[in-house]
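*Asks:* Before I ask anything, here is the structure I am working with.
The values are calculated or read from the model by the stated rules, or taken from the named source; none is laboratory data. This one's a predicted model, so the numbers in the text were calculated from it and none came from an experiment. A quick note on method: Cβ atoms are made from the backbone with ideal geometry, for glycine too, and the neighbour counts reach across all protein chains shown.
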Amino acid sequence: MCNARCEFCCVLPTLNRPEKSMTDEQIFEAIGRARAQGATEIGYTGGEPTVHRRFVEIVAHARELGFKHQAMSTNGIKLKSRDFCHALLEAGMTAIDFSVHGHTDEMHDALVGRKGALSAIREAVGHLRELRGSAPIHLSATTVLTSSNHQHLRKIMEMLEEIGLESKRIKHAFEGILHVDSVREQVAPYEDVIPSLIDALDYLATQPHGFQVTHIPLCLLGDHAVFSSDFERRVATIVFGDHELEGDPAQHVRSDIEACGRCALAACCTRFDDAYRRWYQPPNVTPFADDEVEALFERGRSRFPQSEYIIARVYQRYRENKHRSRDDLRMSTRASDPEDEPR
Ligand SMILES: C[S@@+](CC[C@H](N)C(=O)[O-])C[C@H]1O[C@@H](n2cnc3c(N)ncnc32)[C@H](O)[C@@H]1O
């Protein structure tokens with residue numbers, strides 16, 4: 001269920017269809033099972049997690065079971081209420097990632113299809129920063145890079161800084177696992193968005209806070225590839241009502257173009273969205289050669305000295321994952337009813 005309607009949403013066709021929602025039993029059962037298997041981190045997404053009427057109870061339950069880190073993606077609309085923010089922190093939420101896609105109320109509200117949405121985020125961040133003293137909470141923002149907002153990306157980043165959303169993530173819009181054709185108008189060709197992206201990253205590299213970019217092929221980022229979170233290879237179980245996906249979510253429904261086969265960073269890259277290759281000609285790219293990668297990080301460190309700590313972390317991920325096969329973390333799906341399996 002969702003209280004917004006983002007134009008580019010990758011799960012749009014499943015929203016506000018109660019028959020697609022997980023039942024409360026499925027939610028509690030999935031959390032219990034994950035904990036029993038040893039999971040200590042949980043992330044809530046959707047839809048919009050905060051519109052679930054038992055959300056605070058679910059978070060409190062997960063904490064009781066032993067989940068140490070609980071994060072959520074949110075449009076922030078419900079967090080306008082200070083009481084709700086307080087209840088979430090008390091229940092055990094440890095990280096909140098706000099989706100922010102425009103630097104003005106007009107632009108953000110239009111992109112998410114809900115008047116007052118950006119103003120709610122501003123209020124929410126104010127409440128959470130005030131409440132932070134009593135319960136530590138990590139606040140961050142994700143901006144989906146689309147054909148309507150990319151020209152304003154730097155301004156969006158500046159605005160996030162102003163309102164106190166310190167960690168920032170920029171993510172190229174993709175079609176998603178449901179094959180949502182309506183996203184197409186919002187997915188801009190890489191060559192259109194890269195200049196604005198580089199400009200925004202140059203700004204972020206002078207700021208004192210963490211930032212990352214994801215779902216852009218590393219070869220298109222040039223020296224700015226040192227800011228990509230794609231070097232991280234995660235294993236997650238994504239639970240839907242009737243099926244689960246297991247593996248690295250960032251590698252799902254992504255595939256190579258011919259040049260990827262010759263790239264030294266192939267194991268650390270989210271490469272191309274399947275739909276991107278259907279919709280657009282892949283750009284001409286020069287794959288990274290083995291001996292270029294150390295030099296890439298070397299240049300990154302001297303070019304972006306204020307972001308040395310970010311680059312050091314990305315470099316460490318590169319060292320850990322460079323020899324990994326892309327297949328070892330490919331997502332596999334388990335469905336109770338094969339009809340429900342995503343294509
Ligand atoms: C589908 S949303 C659901 C959670 C919540 N309602 C929100 O707005 O953040 C989960 C995450 O996916 C991002 N997202 C939505 N559509 C996307 C797309 N087409 N491509 C990439 N990311 C997308 C959102 O910004 C958010 O970070």
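*Asks:* Are any of the residues in the range 159-167 outside any helix (DSSP H, G or I), away from the ligand (no atom under 16 Å from the Cβ) and over 30 Å from GLU244 (Cα atoms)?
*Replies:* First, pick out the residues of the range 159-167 that are outside any helix (DSSP H, G or I): 164-167.
Those left that are additionally away from the ligand (no atom under 16 Å from the Cβ): 164, 166.
Still in the list and also over 30 Å from GLU244 (Cα atoms): 164, 166.
So far as the range 159-167 goes, yes, one or more of its residues are outside any helix (DSSP H, G or I), away from the ligand (no atom under 16 Å from the Cβ) and over 30 Å from GLU244 (Cα atoms).
*Asks:* Looking at the range 267-293, I want the residues that are in contact (Cβ under 8 Å) with a residue 24 or more places away in the chain and surrounded by fewer than 19 Cβ atoms within 10 Å (Cβ to Cβ) and have a partner that is of a type in the set (Lys, Arg) and not in a loop (DSSP other than H, G, I, E, B) with Cβ atoms under 7 Å, at least 6 apart or on another chain. Which pairs are those?
*Replies:* ASP274/ARG254; TRP279/ARG184
*Asks:* If the Cβ limit is 6 Å and pairs must be 6+ apart or interchain, which residue in the range 73-96 that is among the hydroxyl-bearing types (Ser, Thr, Tyr) pairs with which residue that is away from the ligand (no atom under 15 Å from the Cβ)?
*Replies:* THR94/HIS69
*Asks:* Within the range 172-190, restricting attention to residues that are small (Gly, Ala, Ser) and under 19 Å from LEU15 (Cα atoms), which residue is surrounded by the most Cβ atoms within 10 Å (Cβ to Cβ)?
*Replies:* ALA173
*Asks:* Working only within the range 136-145, note down all residues that are near the ligand (Cβ under 8 Å from one of its atoms) and either touching a Ser or Thr at 6+ places or on another chain (Cβ under 6 Å) or within 10 Å of HIS172 (Cβ to Cβ) (or both).
*Replies:* Answer for the range 136-145, where residues must be near the ligand (Cβ under 8 Å from one of its atoms) and either touching a Ser or Thr at 6+ places or on another chain (Cβ under 6 Å) or within 10 Å of HIS172 (Cβ to Cβ) (or both): THR142, VAL144.
*Asks:* Out of all the residues in the range 133-166, which are crowded, with 18+ Cβ neighbours inside 10 Å, within 30 Å of ALA91 (Cβ to Cβ) and of a type in the set (S, T, N, Q)?
*Replies:* Within the range 133-166, SER140, THR142, THR143 meet the criteria.
*Asks:* Run GLY164 past the list (1) under 27 Å from VAL226 (Cα atoms); (2) touching a residue at least 40 places away in the same chain (Cβ under 8 Å) and report the number of the one that doesn't hold.
*Replies:* (2)
*Asks:* Now for a different question. Exactly one condition in (1) buried (at least 18 other Cβ atoms within 10 Å of the Cβ); (2) among the polar types (S, T, N, Q); (3) over 17 Å from LYS322 (Cα atoms) is not met by GLN207; state its number.
*Replies:* Going through the list (1) buried (at least 18 other Cβ atoms within 10 Å of the Cβ); (2) among the polar types (S, T, N, Q); (3) over 17 Å from LYS322 (Cα atoms), GLN207 breaks only (1).
*Asks:* Restricting to the range 96-116, what's the tally of residues that are among the small types (Gly, Ala, Ser) and in a loop (DSSP other than H, G, I, E, B)?
*Replies:* 3
*Asks:* Could you list, in sequence order, the residues of the range 100-114 that are surrounded by fewer than 22 Cβ atoms within 10 Å (Cβ to Cβ) and either under 12 Å from the mean Cα position of the chain (by Cα) or not hydroxyl-bearing (Ser, Thr, Tyr) (or both)?
*Replies:* The answer is HIS103, ASP105, GLU106, MET107, ASP109, ALA110, GLY113, ARG114.
*Asks:* Which condition number does ILE42 fail, the rest of (1) in a strand (DSSP E or B); (2) more than 15 Å from the ligand (Cβ to nearest atom); (3) β-branched (Val, Ile, Thr) being met?
*Replies:* That leaves (2) as the condition not met.
*Asks:* Yes or no: the range 131-144 includes at least one residue that is in contact with an Asp or Glu (Cβ under 6 Å, 6 or more places away or on another chain) and of a type in the set (D, E, K, R). Spell out the reasoning first.
*Replies:* Going through the range 131-144, the residues in contact with an Asp or Glu (Cβ under 6 Å, 6 or more places away or on another chain) turn out to be 140, 142.
Next cut, of a type in the set (D, E, K, R) only: none.
Within the range 131-144, not a single residue is in contact with an Asp or Glu (Cβ under 6 Å, 6 or more places away or on another chain) and of a type in the set (D, E, K, R).
*Asks:* Identify, from the list VAL144, VAL183, VAL187, the residue that is touching a residue at least 24 places away in the same chain (Cβ under 8 Å), closer than 25 Å to PRO217 by Cβ, touching a Lys or Arg at 6+ places or on another chain (Cβ under 6 Å) and not acidic (Asp, Glu).
*Replies:* Sole residue among the options that is touching a residue at least 24 places away in the same chain (Cβ under 8 Å), closer than 25 Å to PRO217 by Cβ, touching a Lys or Arg at 6+ places or on another chain (Cβ under 6 Å) and not acidic (Asp, Glu): VAL144.
*Asks:* Also, I was wondering about something else. Would it be correct to say that SER119 is within 22 Å of the chain's Cα centre (by Cα), hydroxyl-bearing (Ser, Thr, Tyr), at pLDDT 95 or above and not in a helix (DSSP H, G or I)?
*Replies:* Criteria not met by SER119.
*Asks:* Same structure, new question: Filter the range 5-35 for residues that are in a helix (DSSP H, G or I), touching a helix residue (DSSP H, G or I) at 6+ places or on another chain (Cβ under 7 Å) and crowded, with 16+ Cβ neighbours inside 10 Å; which is modelled with the lowest pLDDT?
*Replies:* In this case the residue turns out to be LYS20.
*Asks:* Given the criteria closer than 18 Å to ILE170 by Cα and in contact (Cβ under 8 Å) with a residue 40 or more places away in the chain, does PRO217 qualify?
*Replies:* yes
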